[in-house]
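One structure below.
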Amino acid sequence: MIRFEGVSRSYGDVTAVQDVTLHVPAGELVVLIGPSGSGKTTCLKMINRLIEPTQGRVLVNGRDVAQTDPQSLRRGMGYVIQSVGLFPHLSAKQNIQVVPRLLGWPEHRSAARADELLEAVGLDPASFRDRYPRELSGGQQQRVGVARALAVDPPILLMDEPFGAVDPLTREHLQDEFLELQRRLRKTVVLVTHDMKEAVKMADRICVMNRGRIEQYATPEELLQNPGNRFVRQFVGSDRALTRLSRVVVGDMMLPAATLTLHTPAAQAEQALGEHASMYVSDGGVLVGWIMLQALLESGSVEAGYTALAPHHALSRTESVREALSQMIELGVANLPVIDDTGALVGQLGLEQVVTLTGTEKRPE
Amino acid sequence: MSLPPRSLVALLGSAVGALALVELGPWRPGWLLFKANRLVLGEAHSAFSLEPLAALVLLGLWLAAAAVALAPWRSRPWLLALLASAAFVLTLLLVAGATRELTQGEPLSARVSLEGGVWLTLLATYVTLFGAVSEAPRRFRALLVAPVLAAFIWLALSGALSELGIVRELVNQGGDFRAELARHLALSGTSLLLAALIGVPAAVASWRSSSVARWVLPGAGLVQTLPSLALFGLLIAPLAQLGRTLTVGTALLVVLAGLVPVVALLVLRRGRRLEASGAAAGPWQPVSTVLKLLPVAPGALLAVMLAVVINGVLAAFLGAGSAPTWPGWREPLTVLGVRGIGSAPALIALTLYALLPIVRNTYTGLSSVPKAATEAGRGMGMSPWQLLLRVELPLALPLVIEGLRAATVLTIGTTTVAYLIGAGGLGVFIQRGIDQVVPDLVLLGAVPIILLALIADALLRGLGGLLTPRGLREPQAEVLPRARATATT
């Protein structure tokens, strides 16, 4: 879909991008990551010709962008920037309508599209369409920014640190929502960030850049498992094992959990607890707590001996294993139950499984 | 809206109002000056000597206003406006009554002039009302100044002050006043129109290209440093020469010839829409620079011709002279009014002076457009023109209007010197008044200029408010409830 062929860009003596060759497959989300000045933003802007390469060429759908009229090229690509860049004198709806209007869509069509997109990014059209950027929070502005980029349903989205300007909580929220949207829309996305966590979470492929060159271009798993060189190893961080865990969700790692119910006879429970160190207790399928053999022996029944467990201490299937690990450390336990939306126990995750995930890593050197 | 603990502006205004009345030792502000005729020395009357009771009430009003200015009441703006308006109306009544009394039985040559005390009182009213209005909620502001404006209009229509010197001079000058006022307005209006037509594009060009900015911005500033008299002197010879040598036909031909390269340049540009920095210094660069400079002289010629014609039409429309007619191809430009003296040099000088505020404000407005907005616009595929018209100018508009406002106020004042080069305007009366040592005649020129400037100022402020895009306006109380209301529907 997007192909860099030996692309360089220099400003006088300074080389911003040097001999970059890169292929972004259709429908994938590729993250360009690197420290400031690594050339990632320059690369992004060479795709829509905001910057022209001094050497090499950039192809979109097999066509050299240098041969394409920059304005029509850009109208065919969504563009989201860190500071959002909503036009302050236009309402949310009018901001979304900008490109449709440039393309001469009739008003009713672009207005309908604006509503549809506001809905898609989680903003109620009725209350948000006429608001001005000043009347929106940072996260809402960013959502409108994404909606605006999607206005004419371009196959390609260019995003320059799109979630950089919002607080961490909102950022995670926006990332999740965008991933959800991306799963449905399957756009070809090039996203620039310097946040490794964000890259690992969002990317199908990550391109690590440094001083204008590509250091490594690989899937997040590959990158975390086999950092290609010292720079990449340093850049992904010494906690890369943990970072890898954020790519795996609890649902994929959990094991079935043997359970007792509140009314399991004591003898039967005693036998079961002989095999497991502790067991979860459910009532009508809903997780209520856990019990250890000793507690059962002391109290005489499951109902009297179990320790209640708050639902928010349990894991959900969609949580990352990294979050699960953090939860275990916080609570000081080696095993946590996994529940579904209704509170029903669906499995458990133990420290042993987490360790097997990271243990396959080859030793460096 | 929470008020500051005291309104220093209103306090200052009230103090001035009180000072205009009190007599302490050598401080004896006169209110009216009576002269048996224009030439003799007059005798000054203070407010207390004219109408002691009214003066006392007036003093009370100002002292009350001063007290209110110090009180942290929510109703403060209203009370201040009420007190100042009452003081203003009372002052008018006092002046009208006293004037009638002083001129009773005197010959028509007798003159009663307004003295410092009255001017101070007008200043006090203005300052106090300004303080009140600036603290009032936006939508009530017009209401606060309404009484004073109404009193003013009543004053103008009723003839209550017809015995006053300045009004007698107005009657004396008769049709002259109407004509000079028309010339003044036409000169100011034409210069402003031209300055806007030149200044806004010049500012846009400066914003787009730093090589243009290097010339335009200091150039506009340099013009301001030239004294108007010197500028007039410099313009006489070339304009006279131009008017004599060029016929209307050749002038139009020159203009047309100057436009061809511009069109050629635009067509060339359209052919290759390269805009990245790498492409800017291509082989076309020197050519396009020359092409850009070529139309300057014909452009200036066109501007002068347009200015003279527009000014003539405007003045005729407002009631001075007759509108210019088509002189024929072979006539010299002098026939159109392109001469060394008269409106042409005045228009050129006034236009040049008006450029600076317009250029500078437009440039500042464009610079204040958020970088993110322009980058987003470009990244979304706007052409430079679309970016300018849909993003940059709308966002810069409040400052552009502000520049126009400043230029208007400046120009209305500067037009006063146009009489020096024979272009007429209200400056004529000021000069006549100085020549004849008649202060009232000076005032006949000066007061309308001040009023015009104030009116233009208010109108353009209002226009600026109206044209500010809603998304940019200061957050007002109405914004949030509106958003909430739509959220619940």
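The values are calculated or read from the model by the stated rules, or taken from the named source; none is laboratory data. Every value quoted in this text rests on a predicted model; they were computed, and no experiment measured them. Cβ: placed from backbone, ideal geometry, glycine included. Neighbour counts: every protein chain shown.
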Given the conditions (1) within 14 Å of chain A (Cβ to nearest Cβ); (2) in contact (Cβ under 8 Å) with a residue 40 or more places away in the chain; (3) in contact with a helix residue (DSSP H, G or I) (Cβ under 7 Å, 6 or more places away or on another chain), report the number of the one that B:Asn361 does not fulfil. (1)
Report, by residue number, each residue of the stretch B:157-187 that is in contact with a helix residue (DSSP H, G or I) (Cβ under 6 Å, 6 or more places away or on another chain), surrounded by fewer than 21 Cβ atoms within 10 Å (Cβ to Cβ) and of a type in the set (Gly, Ala, Ser). B:Ala160, B:Ala182
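For the stretch A:99-166, please list each of the helices (runs of 4 or more DSSP H) lying entirely inside it that holds at least 3 residues being in contact with a helix residue (DSSP H, G or I) (Cβ under 8 Å, 6 or more places away or on another chain), away from chain B (no Cβ under 11 Å) and closer than 11 Å to A:Val80 by Cα. Outline the logic, then answer.
Numbers: elements: A:107-120, A:125-128, A:138-149.
It comes to A:138-149.
Is one or more of the residues making up the stretch A:155-170 over 20 Å from A:Gly139 (Cα atoms) and surrounded by 20 or more Cβ atoms within 10 Å (Cβ to Cβ)?
Filtering the stretch A:155-170 down to residues over 20 Å from A:Gly139 (Cα atoms) leaves A:155-156.
Add one more test, that the residue is surrounded by 20 or more Cβ atoms within 10 Å (Cβ to Cβ), and what stays is A:156.
Within the stretch A:155-170, one or more residues are over 20 Å from A:Gly139 (Cα atoms) and surrounded by 20 or more Cβ atoms within 10 Å (Cβ to Cβ).
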With assigned to a helix (DSSP H, G or I), out of contact with any Phe, Trp or Tyr (no Cβ under 7 Å at 6 or more places or on another chain) and either exposed (fewer than 14 other Cβ atoms within 10 Å of the Cβ) or of a type in the set (Val, Ile, Thr) (or both) as the only criterion, which of B:Ala86, B:Ala67, B:Ala81 stands out? B:Ala67
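Taking the stated definitions as given, is A:Arg230 surrounded by fewer than 18 Cβ atoms within 10 Å (Cβ to Cβ), within 38 Å of the chain's Cα centre (by Cα), at negative phi and not polar (S, T, N, Q)?
Values: surrounded by fewer than 18 Cβ atoms within 10 Å (Cβ to Cβ): yes; within 38 Å of the chain's Cα centre (by Cα): yes; at negative phi: yes; not polar (S, T, N, Q): yes.
For A:Arg230, the condition - surrounded by fewer than 18 Cβ atoms within 10 Å (Cβ to Cβ), within 38 Å of the chain's Cα centre (by Cα), at negative phi and not polar (S, T, N, Q) - is met.
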Please verify whether the stretch A:242-258 includes one or more residues that are surrounded by 19 or more Cβ atoms within 10 Å (Cβ to Cβ), closer than 24 Å to A:Pro35 by Cα, among the charged types (D, E, K, R) and modelled with pLDDT of 85 or more. no
Restricting to the stretch A:281-333, what's the tally of residues that are farther than 30 Å from A:Val248 by Cα, crowded, with 18+ Cβ neighbours inside 10 Å and hydroxyl-bearing (Ser, Thr, Tyr)? 1
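Identify all residues within the stretch A:60-70 that are within 13 Å of chain B (Cβ to nearest Cβ) and touching a helix residue (DSSP H, G or I) at 6+ places or on another chain (Cβ under 8 Å); write none if there are none.
Within the stretch A:60-70, the first condition is being within 13 Å of chain B (Cβ to nearest Cβ), and the residues that meet it are A:65-70.
Residue satisfying the conditions is A:Val65 alone.
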Are any of the residues in the stretch B:373-396 within 14 Å of chain A (Cβ to nearest Cβ), closer than 27 Å to A:Ile96 by Cβ, in a loop (DSSP other than H, G, I, E, B) and in contact (Cβ under 8 Å) with a residue 60 or more places away in the chain? yes
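Consider the stretch B:166-211. How many of its residues are under 20 Å from B:Leu443 (Cβ atoms) and not in a helix (DSSP H, G or I)? Even if it seems obvious, please write down each step before you answer.
Restricting attention to the stretch B:166-211, the residues satisfying the condition of being under 20 Å from B:Leu443 (Cβ atoms) are B:166-185, B:188.
Now restrict to residues that are not in a helix (DSSP H, G or I): B:174.
Selection size over the stretch B:166-211: 1.
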Among the residues of the stretch A:12-59, how many are away from chain B (no Cβ under 14 Å), in a strand (DSSP E or B) and hydrophobic (A, V, I, L, M, F, W, C)? 9
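Matching residues to (1) part of a loop (DSSP other than H, G, I, E, B); (2) farther than 30 Å from B:Leu144 by Cα; (3) in contact (Cβ under 8 Å) with a residue 12 or more places away in the chain:
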| site | (1), (2), (3) |
| --- | --- |
| B:Arg6 | yes, no, yes |
| B:Ser14 | no, no, yes |
| B:Trp31 | no, no, yes |
| B:Arg38 | yes, yes, yes |
| B:Ser49 | no, yes, no |
| B:Leu63 | no, no, yes |
Those residues of the stretch A:197-249 which are in contact (Cβ under 8 Å) with a residue 60 or more places away in the chain, closer than 21 Å to A:Val24 by Cβ and β-branched (Val, Ile, Thr), in sequence order: A:Ile206, A:Val208, A:Ile214
